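Contents: one structure, followed by commentary.
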Amino acid sequence: MFRILHDTNYDFIRWWKVMAGITIAFIVLGLGSLAIKAPNWSIEFTGGTLMQLNFTQPPDVGEIRSTLDAAGIHGAEIQQFGTPRDFTVRAQNAEQVAAQSKGAATIANTIESVLKKKFGENAVRVVRKEGVGPRVGQELKRGAIIAILLSFLITLVYLSIRFEWRFALAAVIATSHDVFTTVAFLKLMHLEISLTVVAGLLTVLGYSLNDTIIIFDRVREDLRKGRKESLYDTLNRSINETLPRSVMTHVTTFAATLALLLFAGEVIRPFAWVMSFGIVTGTFSSMYVAAPILLWIERKWPRKTGTRTSSSTATPTSRTRRSTATATR
């Protein structure tokens, strides 16, 4: 049977301070940029009109914009979409969103009509059009936030029942880290936040949580064996024991998301970006956030078991001394 990284003994946790500095800097950079520019919300959250257009001949973007301006549709966002003949048009300013609430196709029909009049009846084809009113957009935004918060609550309750509150709290903090890093990534990459992206974010949370649970489950098994070692050593042992499984799972999952990123097209690409980054940040948080947080919680509120409490608070220096003394004897 093919096996990789068998019987490894890496000290992952010793680098937690360096990793914490890197991830804090990344989060501050990403979330700090929100003060400069707001997130790139899709029309599903802001309300408005989205159209995907296909032209028989590559058009001039200036002509499209001037045609829409002449029709009273100002400030529309026009982007090339795939080939030089494919474009998306987003109308999201306040007046257009208000008009959109009067009828889902009001603005879309106007855009289609004026462009066909300008470029020819058969020169423009509407591939896709979406219209969302302002009230629906606010409801979707509120629903997305509630879904994320509920996932945290359910996670906390589930882990408290399956393990104990120390493990649950560490896992929830690690999952919160994944939310912040992913939001920072979306902002730095200027990716549009849509319902598809929210679905990707929830998938990332579940994926990261699964990785953390696997490590914590191994920690619980090792604790039950009653080894005379610190919790620091137990966590490192558990990460190393689950490392082959983690590497194989992450590599195959990343390969699938990379295929989506490269070949699935523009519509699914934001989801693929979130999933690809989520695999990285989920693996990172399981090793360098959940484990150090669990160590800190254990030292702050130790279990009331004499052997485990004394051994869990041991430092790497004291563990080295004990190992050296044993070897000498």
Roughly what would the spin-label model give for S176 and L150, points 7 Å off Cα along C-beta, in nm? 2.1 nm
Among all the aspartates and glutamates, which ones have a C-alpha under 20 Å from K187's C-alpha, if same-chain residues fewer than 8 places away are not counted? E44, E77, D178, E266
Residue order, fewest to most surrounding Cβ atoms within 10 angstrom, among V89, V18: V18, V89
Any aspartates and glutamates whose Cα falls less than 14 Å from that of K37, other than same-chain ones fewer than 8 residues away, would be E192
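Values in this text are rule-based calculations from the coordinates and carry no lab data. Since the model is a prediction, treat every value here as computed from it, not as a measurement. Reconstructed Cβ throughout: ideal geometry from the backbone, glycine too, with neighbour counts over all protein chains shown.
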